[in-house]
Structures are given as C-alpha cells and as structure tokens.
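Asker: Provided herewith is a single structure, encoded as structure tokens, for subsequent inquiry.
No value in this document is a laboratory result; all are computed from the given coordinates. Just so we're clear, the structure is a prediction, and the values are computed from it rather than from any experiment. Neighbour counts run over all protein chains shown; Cβ positions are idealised from the backbone, glycine included.
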Amino acid sequence: MSAKQKFIGRSVPRLEDRALLLGQGRFAADISFPGQWHMRVVRSNIAYGKLGPIDASAALKLPGVHAVWTHTDVAHVPAIPFRLTGLKTLEPYQQPVLAKGVVRYVGEPVAVIFADNAYLAEDAADLIELSIEPLQATMLAAAQPGAFAPDLSTEPSILQKAYGDVDAAFRNAHAVVALELSVGRHSGVPMETRGAIARYDETRDILELHGAAKVPHWNRDTIAQMLGRKKESVQLYEGHVGGGFGIRGEIYPEDVLVCVAALKFRRAVKWIEDRREHLIAANHSREQHHRVRAAIDAQGHILGIEDEFFHDNGAYMRTHAATVPDLAAAMLPGPYRVPAYRAIGHIRLTNKTPCGTYRAPGRYESTFVRERLMDAIAAEVGVDTVEVRRRNLINKSAMPYTLGLDTLGTKIVYDSGDYLLLLDKALKAARWDELQDQLRKRRRNGEKVGAGVAIFVEKSGLGPFDTVHVEVKDDGMVEAVTGVASIGQGVETVIAQICADTLGVDYTKVRVIHGQTDRISRGMGAFASRVTVMCGEATRLAATKLRDKALKAAAELMQTNAAALDIVNGEIVRAGGPGPSMPLAELARTLPGGLSAEDTFESTHMVYPYGVHVAAVRVDADTGNVTIERYVIAYDIGKAVNPKLVEGQIAGGLAQGVGGALFEEFRYDDTGEPLSVTFADYLMPTAREVPDISILISEDAPSPLNSLGLKGAGEGGANPVGAALASAIDDALQRPGAVIQLPVTPQRLKAMLHQSR
Amino acid sequence: MNSKSNITLTINGRDHSIAVEARRTLVDAIREDCGQTGTHIGCEHGVCGACTVIVDGLPVRSCLMFATQAAGKKIRTVEGLANGDKLHPMQQAFMDHHGLQCGFCTPGFLMLAVGVLEQDPDISDDELLDVLSSNLCRCTGYQNIIKAVKAAAKDMRKG
C-alpha cells in the first residue's frame, strides 16, 4: 500500500508565491555582475532596404562607449537555426544576428553598442548614422509572392496536409459553404520584456547565459554549436520569468550577441529590452488569411473541408520555422467528423516583424476558421448553431480517434474524449435555453445582444521525453531536478505535488529545480502545454523508484521486509501500525551513496484535451464596444493536479484570447512603418475588459497515455475565444457570418453596423 | 547632460544617498542605485503600472518620475510591505486567491492597491475596478487580483 494521496487534485497554495510577493524575485533585469557592460541594439527604421555603411564614429567618441559592432564583426556567427518543424527549404530565410547588406523589417538589429551603462549606450545609439536605401516593402501575405533574394521567393514553402477523397466530397455535396476569413497579427507580449546577461568564467572555461527561459537545454546546445564550443562549456540559467506565452525563451539575435560579446571582451554583458523594442522585435504571431470551403449534406453533416491559407511569417523564418502554419492545418478539423480534408498553407514572408508561436499557436487561428464554418453551415441548413455542432461531433465510441494527419513529428490520435457530454455540461452551466429566451426578449426591446458557442480540441504533452532526478538531501528536503522550465505557470508546485504524493512527503518539502543546464544534462523545457504531462509522469516514475529504494534500504536496517513499511510525511513507518520510524533524511545519511533515483518518461504521442466556450455579449451600436456579459469555459484535461492553478491558466488564456479577438493588433502603414509600438496603441485588456467567468474543469476523459491521466491545461483558455466571440457578435447583430476578421475592434464593428443599415 | 547631483532617497524608512543625473528615472534609481529590485519595469511609458510605488502616500508610476523629484519624499516599495516574516494582508490575499502567476506585475498591483486603500478604505467596487484597470497583468485575467484586493480591503479595514 503506497502512501495515501494527499496533494494531487488539491488546490494547495503555490510554493512560488512568497518570494514573488516579497519583491525577492530574480527576473532578468535583476541580475548584474561587477564591471558589466550594457548592450544596446541599433535597429532598422526602414522596413526593406539596402543597408549601406554604418557610421559609428560619433558614438565611439562618447566616454564610456567601448565598441560598436555591425555584421562584419559577427560574420563568423551563423544564422539562428530552427528548433521545430524545420523544413530544409526554409533555411535560406533564417535570421542573421545582425543584418547583412539588407534590412527586412523595422526593428531588425543592424548594430550593437557596448557601454558602461544603459543610458550611455542609448545615447550612443542615437549617434549611429545608418544609410539605408529603401526598397518597395511587401506588406500583404496573400498578394502574389515577390523576391526575397535574387533566386528566392517570398513564398519559401507550401504546406499540404490531406486525407480522404476531397474532390468526391465536393462533387457529391448537397451544398458548399465558402468563407474568407482573417486573423490579425498579435502576440504574447509578456509583462517582462526580454533580457540576456552573458559572462565568461575564465577559470572554468564556461560561458554563462542568464535570463534563460522556456527551452534552456535546447538553447544551450544551439548556442554552443553556433559559437563552436562544446555544449558542456555553455551553461544557461533560468531565473524568474515574467510570462512566456510561446514567444519568450526562443533564441533571438540578442541572446547570441551578448554571448559573443562576453567571450570577446571577457566582460559580463547585459541586455534588457525596452517595451518599444519588444513590440517590434520579439516574435509576433497569428496573422493568417483563410479561404475555406465545406461540402455538406442536406442535414449539415460535413462531407469534406478544403482550406487554402496564407500565413504571414514576417521578415524571416525564426526558430519555429513552419510550426504555426503546420499546427493550423493539422488541428483545423478539430472535434468534428471530417471524412475528407485538404489544407494548403502558403508560408509567406513580408517586411514585418518575424513570427513564432503564441499560446494555442495555429489553433486560435484554425479554430476561428472551423467554428465560423460551423456557424455558416448552420445558417445554410437552417438549424441552430448548437445543433449543427451536435450533428458533427466525433462520438465517444470512436476514441481513440486517428485523424490521419501529422504534426510536430507525431501522428494525431485523439487519445480520449466525450465531446457531446462536455457540450451538454457547458450549455447547462451557461443556462443556454434560458439565456436564449432572455436574449430574444432583450433584442425585441432594441438591445444588440447575442450568444455563441465554440468547441475545440487542444493538444498537449509533446514528447519525446522528460527526465527527473529525485534526491533526499541532508536538510530533509527532497530535490526534484528537471529539464523543464517555469514561465510563471506554477511548475514548482505541481511537480512537488506529484512527487510528494508518490513518495509520501509533504509537498512543501519538495524543492523543484528547473531551467539550470548545469544541474541535469538534458531536458525539453516548457512549451506546448507539456510540463505537467511529461515532467509530471517522469516525476512519478522517479519518485516511485526512490520510494522502492528507500523502503528496501530501510527494511534491512529495521529488520523487516519492505512491504511492511510505508513512507508517511517524510518518515519511514510500519504500514498500518505503531512501531519504530525513521526520517527519510536520516536513512539517506546512513547510505553510502545517499538516496536518489532518476527516471525518464518517453512518449511518441501527444494527449488531446478538449473544451467548449460559451459567450454572451452586448454590442453598443454608438461606440462599437463589445461587452462580454457571460462567459463559460468547460475544459476536460483528464486530471487536474491543482484545480486552482488550472483555473488560473484558463482565466489567463481567456484574457489573452479576448485581446486578440477585440483589441490587440500590430498594425503597419503601407511602407512597413509599425503603428503599434507602445501600450497606448497596442491595446491589451485590462481589469475592465476581462469578464468574470465560470470555469468547469472536467475529468471525464483521462489520458490513457500516462498513469495519472493527465492532459495539459495551458492553452484551452485562449484557443476558441475569437471563434466564440465572433459567433456571439453575429447573434447580437442578427447577421450570421458578419464577423470575418479578428480583432473585432470598435472601428470595425461600427463599419459592420453601418453596412447592415 | 551627464552631470550628477547628490540626493537622498528615503525608501521604506531607510535613507539612500546617491548621485544621479537629472534624467535618471525614479525606478532606475530605486533598482540600480538603491538595489531594491522588487519594483519592476514593464513599459517605461506609464501605461502598465509594473513600477508603481507609493510616494508620500500616493501610488506613483516610478518610470514617469525623475529620481531628483522624489528626493526628500517618503517612498514605499514592495520590499517594505511585510512586517518581518508576516505578509501584509494584501500579499496574503494575493497568495490565498491565486492573484499572481509569473509575479512580474505583482509588486505594482500590490503597491497600487495598498496605496489606494490606505487613502480610501471604503472605496466602492466600481471605483476599485477603475483603479485596478490602470495596471496591466498578462497572466491572471485579473479576476483573482480583484478578489484578492477586495478580501484584503476587508482585512485592512479591520486591522
């Protein structure tokens, strides 16, 4: 009999909170080394142009300015390689760490300055004279592709994903529904801007990079390779991270530049991004234009879907390469039976900030497209928007469901799910029928109010592995060392809960070490809602091993057999009765090799949580404002380790989803000048705009792919928000299909209202 | 432009004698010159509120104030909220209500809420929402922050 479960499934307080509440966090800007130099990046102010000579003479005359680098100083450093979905054809489009001969977006690093302090470095940046001969910028991804270079098109690749006989489906269709839809350019925009501090330790011959996040091991290996060093001689250190959301922690030019400079100057070099830089230099995301068609029968059953889309990746292919359009294409079918499917994704480059992933990458976009399509099918057939979904949802009996598509190197197999059940639960929680009556009455009284539903399948728990090393330390703490990372989501608490339950200790006695490449040789980091699933299971495996070892060793000392012993609250005791006991730490001290264990969880398949969002909105015809009056989220994640933290993930995701649906947009003028460069013009939701929501965490479909049944919870709050709000706005306007573009800003909504008059 | 003047910043009751350029922002002086890194910089243009501190009793965005303007004034930062090991009711409420995730915006929200509630302990819910909408958080979706502040307001009125 193992120790009684005490922590998994409970909303215990977070281990992370105290230091953060006391102002004792260690974020990137909080890290300094004696004698450090500050790096300032000089960025292109032209969207596309030939880069001429750079005159740094005035800057170099400022006392305290030590060096100015341009591309020639870093010509030996290769472009930044791909981390995921790295198609060979995309490689010529990788970003150099400093612009080489041509600039391709406003914000592109063209030079760097090293100075005694940040103010001085910025003064010097103002004195750098760039000569850039402007060229005609490409701003529209859906237009005809042009030339990236003499022999390279701005369309580096066309993705194709398909199964079934799509042409036959359309030939035999009762009707065809076609839509043209756009999702705006927005991104994660964490509250902490990026930062990187590099130093070289001569005595150990180690290059240290502080301020790491998300994927420290990958970045360690890659930076080592780029700089021609052994990976053991490069170490990354993750401190506190002020939000990740997909964009933070990828390798950017600045990360590489501080490393090169630390090696060259034998000085600590610190770079902290300012907000304007962040908004034009860190990854953007989401911008896609879809032309989608569905073949349906007379009852609105889907016979086939065809989607051709244009993915605007900005000026270069960064670390994510084709990840976002690949996921958009692969996840578009979602929770419905789609007998035949074809997606053609045009990866296009424009003269805007390069793109990467953002929470629910590709899915925020394709869920919007698919759910708009479902609403359009409902209108075509003349049934309500809920009924059309019911008719098409994949049945529980079909699980596990092989979709027939691949993504991220895995075959998509929905591991478990009861989509109809969750839809019913969500509608019940939203009091849907009653809500419909109320909305009808209010509309009769002249109010523009409406409701919408969106259903989606998420993916999480990407492998291929995670390793955890668990050790009982002399101070009585249990240390769990992992190669995952924390981006603020509560990793330490959740991993401690799983370790504590498995081993038989209090969760506050578990110290979780993450994001330190010198503490564990490999690790996969934190992305794709993978940490709780992959690291959670690895933790359970390692802690089980440790427990077995401890009981075996204790049995010898206590002259009994292991089966007669248990570990309760950190003490080895006789199972089910009184008798002698021994603290784990004391046992560890008696063993020559101490008490530790390591294990690895490997998985070749992702796990697939699923959810339903229900939104009710009021549209103000005078201002174009959308007020969210009710919002219900039902999300099945198999097993919630800490329900309060899961709710936190969902609520936070929703806020970001609302931002992308109603407010946030990186806008550009025709010449490629960015127009959203401050928080006064890139509008993120505040406490006024984000509604209080009802969250229903459901555990009807545990994953069969890990022992606790876990599925990740990080992205379901954001995924279908654009889709659900679009449906609700259509309903409020009583114009099915009115919303064809996100975000639905007040200006756009007023224009729509004007058209409808 | 680069000449420095000597000023004293009084942070959480402790004097820091520093030399700063006229253009040095209060937040940079607090963080870099006085070593109090609990106050964070989120935007440097006064929108996000991550750098909120209390100056002479009122919440202030320390990225929009020069250090020299704060000389001789009483500055309170997140490091001064707890009483020894005991968290301030506002800190405790944020923990109890899961009002933080990454924790980067948290010091700004704590100082904003404490500053406002000390001035106006009986602030209405709607006014409070207006106040809280002046800071940005990217993780929580705000509802837990609002719950935490309301709970702390009750505690602060009692205590």
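Asker: With (1) in contact with a Lys or Arg (Cβ under 9 Å, 6 or more places away or on another chain); (2) within 13 Å of chain A (Cβ to nearest Cβ); (3) more than 27 Å from A:Thr686 (Cβ to Cβ) as the list, and B:Lys86 as the residue in question, which single condition is left unmet?
Answerer: (1)
Asker: Return the residues of the stretch A:179-225 that are among the basic types (Lys, Arg) and either surrounded by fewer than 22 Cβ atoms within 10 Å (Cβ to Cβ) or assigned to a strand (DSSP E or B) (or both); say none if nothing qualifies. Can you show your working first?
Answerer: Step one: of the stretch A:179-225, the residues among the basic types (Lys, Arg) are A:185, A:194, A:199, A:204, A:214, A:220.
Result: A:Arg199, A:Arg204.
Asker: Sticking with this one: I'd like to check which helices (runs of 4 or more DSSP H) are fully inside the stretch B:88-153 and have at least 3 residues that are closer than 21 Å to A:Pro643 by Cβ. Before the answer, list the steps.
Answerer: Numbers: elements: B:89-96, B:106-119, B:125-132.
Here the list reads B:89-96.
Asker: Still on this structure: Restricting to the stretch A:234-258, count the residues that are away from every other protein chain (no Cβ under 14 Å) and of a type in the set (D, E, K, R). Spell out the reasoning first.
Answerer: Kept after step one, since they are away from every other protein chain (no Cβ under 14 Å), are these residues of the stretch A:234-258: A:234-237, A:250-258.
Next cut, of a type in the set (D, E, K, R) only: A:250, A:254-255.
Residues flagged as away from every other protein chain (no Cβ under 14 Å) and of a type in the set (D, E, K, R) within the stretch A:234-258 amount to 3.
Asker: Could I ask something else about it? State whether one or more residues within the stretch A:663-686 are of a type in the set (Val, Ile, Thr), crowded, with 24+ Cβ neighbours inside 10 Å, within 14 Å of another protein chain (Cβ to nearest Cβ) and touching a residue at least 40 places away in the same chain (Cβ under 8 Å).
Answerer: Initial filter on the stretch A:663-686 (of a type in the set (Val, Ile, Thr)): A:671, A:677-678, A:686.
With crowded, with 24+ Cβ neighbours inside 10 Å added as a condition, the list becomes none.
No.
Asker: Now for a separate question. Among the listed residues A:Ser529, A:Ser521, which satisfies the condition of being in a loop (DSSP other than H, G, I, E, B), buried (at least 21 other Cβ atoms within 10 Å of the Cβ) and under 35 Å from the mean Cα position of the chain (by Cα)?
Answerer: Numbers: A:Ser521 fails: buried (at least 21 other Cβ atoms within 10 Å of the Cβ).
Step by step, each of A:Ser529, A:Ser521 is checked, and only A:Ser529 is in a loop (DSSP other than H, G, I, E, B), buried (at least 21 other Cβ atoms within 10 Å of the Cβ) and under 35 Å from the mean Cα position of the chain (by Cα).
Asker: To continue, here is another question. With part of a helix (DSSP H, G or I) and small (Gly, Ala, Ser) as the only criterion, which of A:Ala732, A:Ala718, A:Ala738 stands out? Break it down stepwise before answering.
Answerer: Numbers: A:Ala718 fails: part of a helix (DSSP H, G or I); A:Ala738 fails: part of a helix (DSSP H, G or I).
Just a single option satisfies the conditions, and that option is A:Ala732.
Asker: Oh, and also: Tell me which of these B:Glu79 doesn't satisfy, since it passes every other one: (1) among the charged types (D, E, K, R); (2) over 25 Å from B:Arg157 (Cα atoms); (3) within 9 Å of chain A (Cβ to nearest Cβ); (4) in contact (Cβ under 8 Å) with a residue 60 or more places away in the chain.
Answerer: Result: B:Glu79 passes all but (2).
Asker: If you don't mind, another one. Could you check, for the stretch B:115-132, whether at least one of its residues is under 24 Å from A:Arg26 (Cα atoms) and within 17 Å of the chain's Cα centre (by Cα)? Explain how you work it out, then say what you get.
Answerer: Initially, the stretch B:115-132 is screened for residues under 24 Å from A:Arg26 (Cα atoms), giving none.
Checked against the condition, which is being under 24 Å from A:Arg26 (Cα atoms) and within 17 Å of the chain's Cα centre (by Cα), the stretch B:115-132 yields no hits at all.
Asker: Quick check on this structure: which one of B:Leu136, B:Leu128, B:Leu117 is within 24 Å of A:Gly188 (Cα to Cα) and surrounded by 19 or more Cβ atoms within 10 Å (Cβ to Cβ)? Full working, then the answer.
Answerer: On the way: B:Leu128 fails: within 24 Å of A:Gly188 (Cα to Cα); B:Leu117 fails: within 24 Å of A:Gly188 (Cα to Cα).
Testing whether each residue is within 24 Å of A:Gly188 (Cα to Cα) and surrounded by 19 or more Cβ atoms within 10 Å (Cβ to Cβ) leaves just B:Leu136.
Asker: Mind checking which residues of the stretch A:1-50 are touching an Asp or Glu at 6+ places or on another chain (Cβ under 8 Å), away from chain B (no Cβ under 14 Å) and under 30 Å from A:Gln497 (Cα atoms)?
Answerer: Those that are touching an Asp or Glu at 6+ places or on another chain (Cβ under 8 Å), away from chain B (no Cβ under 14 Å) and under 30 Å from A:Gln497 (Cα atoms): A:Met1, A:Ser2, A:Ala3, A:Gln5, A:Lys6, A:Phe7, A:Ile8.
Asker: Considering only residues that are farther than 13 Å from A:Gly717 by Cβ, among the charged types (D, E, K, R) and either touching a residue at least 40 places away in the same chain (Cβ under 8 Å) or within 7 Å of chain A (Cβ to nearest Cβ) (or both), which ones fall in the stretch B:136-153?
Answerer: B:Lys147
Asker: Could you tell me which of the residues A:Leu51, A:Leu120 is in contact with a His (Cβ under 9 Å, 6 or more places away or on another chain), in a strand (DSSP E or B) and not polar (S, T, N, Q)?
Answerer: That would be A:Leu51, the only listed residue that is in contact with a His (Cβ under 9 Å, 6 or more places away or on another chain), in a strand (DSSP E or B) and not polar (S, T, N, Q).
Asker: Additional query: Which ones in the stretch B:5-44 are part of a loop (DSSP other than H, G, I, E, B) and either aromatic (Phe, Trp, Tyr) or closer than 21 Å to A:Pro34 by Cβ (or both)? Lay out the reasoning, then the answer.
Answerer: Step one: of the stretch B:5-44, the residues part of a loop (DSSP other than H, G, I, E, B) are B:12-13, B:22-24, B:34-44.
Correct list: B:Arg24, B:Cys34, B:Gly35, B:Gln36, B:Thr37.
Asker: Report yes if some residue within the stretch B:32-51 is under 25 Å from A:Asp681 (Cα atoms), among the acidic types (Asp, Glu) and free of Cβ contacts under 8 Å to residues at least 40 places away in the same chain; otherwise report no.
Answerer: Initially, the stretch B:32-51 is screened for residues under 25 Å from A:Asp681 (Cα atoms), giving B:39-51.
With the extra rule that they be among the acidic types (Asp, Glu), the set shrinks to B:44.
Applying the additional criterion that residues be free of Cβ contacts under 8 Å to residues at least 40 places away in the same chain yields B:44.
The answer is yes, given that some residue of the stretch B:32-51 is under 25 Å from A:Asp681 (Cα atoms), among the acidic types (Asp, Glu) and free of Cβ contacts under 8 Å to residues at least 40 places away in the same chain.
Asker: Count, please, the residues in the stretch A:437-476 that happen to be touching a residue at least 12 places away in the same chain (Cβ under 8 Å) and surrounded by fewer than 17 Cβ atoms within 10 Å (Cβ to Cβ).
Answerer: Quick first cut of the stretch A:437-476, residues touching a residue at least 12 places away in the same chain (Cβ under 8 Å) only: A:439, A:443, A:447-476.
Going one step further and asking which of them are surrounded by fewer than 17 Cβ atoms within 10 Å (Cβ to Cβ), we end up with A:443, A:447, A:464-465, A:473-476.
Count: 8.
Asker: Name the one entry in B:Arg31, B:Arg14, B:Arg24 that is farther than 30 Å from A:Gly188 by Cβ and at the interface with chain A (Cβ under 10 Å from one of its Cβ atoms). Let's see the steps before the verdict.
Answerer: On the way: B:Arg31 fails: farther than 30 Å from A:Gly188 by Cβ; B:Arg14 fails: at the interface with chain A (Cβ under 10 Å from one of its Cβ atoms).
Criteria check complete, one pass: B:Arg24.
Asker: Among the residues in the stretch A:619-627, are any in a loop (DSSP other than H, G, I, E, B), more than 10 Å from every other protein chain (Cβ to nearest Cβ) and of a type in the set (Gly, Ala, Ser)? Full working, then the answer.
Answerer: So in the stretch A:619-627, the residues in a loop (DSSP other than H, G, I, E, B) come out as A:620-625.
Still in the list and also more than 10 Å from every other protein chain (Cβ to nearest Cβ): A:620-625.
Applying the additional criterion that residues be of a type in the set (Gly, Ala, Ser) yields A:621, A:624.
Checked the stretch A:619-627: at least one residue is in a loop (DSSP other than H, G, I, E, B), more than 10 Å from every other protein chain (Cβ to nearest Cβ) and of a type in the set (Gly, Ala, Ser).
Asker: Only residues that are over 19 Å from A:His186 (Cα atoms) and assigned to a strand (DSSP E or B): list them for the stretch A:295-333, please.
Answerer: A:Ala295, A:Ile296, A:Ile302, A:Leu303, A:Gly304, A:Ile305, A:Glu306, A:Asp307, A:Glu308
Asker: Would you confirm, using the coordinates I've provided, whether A:Leu725 is away from chain B (no Cβ under 14 Å) and hydrophobic (A, V, I, L, M, F, W, C)?
Answerer: Details: away from chain B (no Cβ under 14 Å): yes; hydrophobic (A, V, I, L, M, F, W, C): yes.
Considered against the rule, which asks whether it is away from chain B (no Cβ under 14 Å) and hydrophobic (A, V, I, L, M, F, W, C), A:Leu725 comes out as yes.
Asker: Which residue pairs have Cβ atoms closer than 8 Å, lie 6 or more positions apart in sequence or on different chains, and pair a first residue in the stretch B:114-135 that is away from every other protein chain (no Cβ under 14 Å) and over 16 Å from B:Gly99 (Cβ atoms) with a second residue that is small (Gly, Ala, Ser) and outside any helix (DSSP H, G or I)?
Answerer: B:Gly115/B:Gly57; B:Glu118/B:Gly57; B:Gln119/B:Gly57
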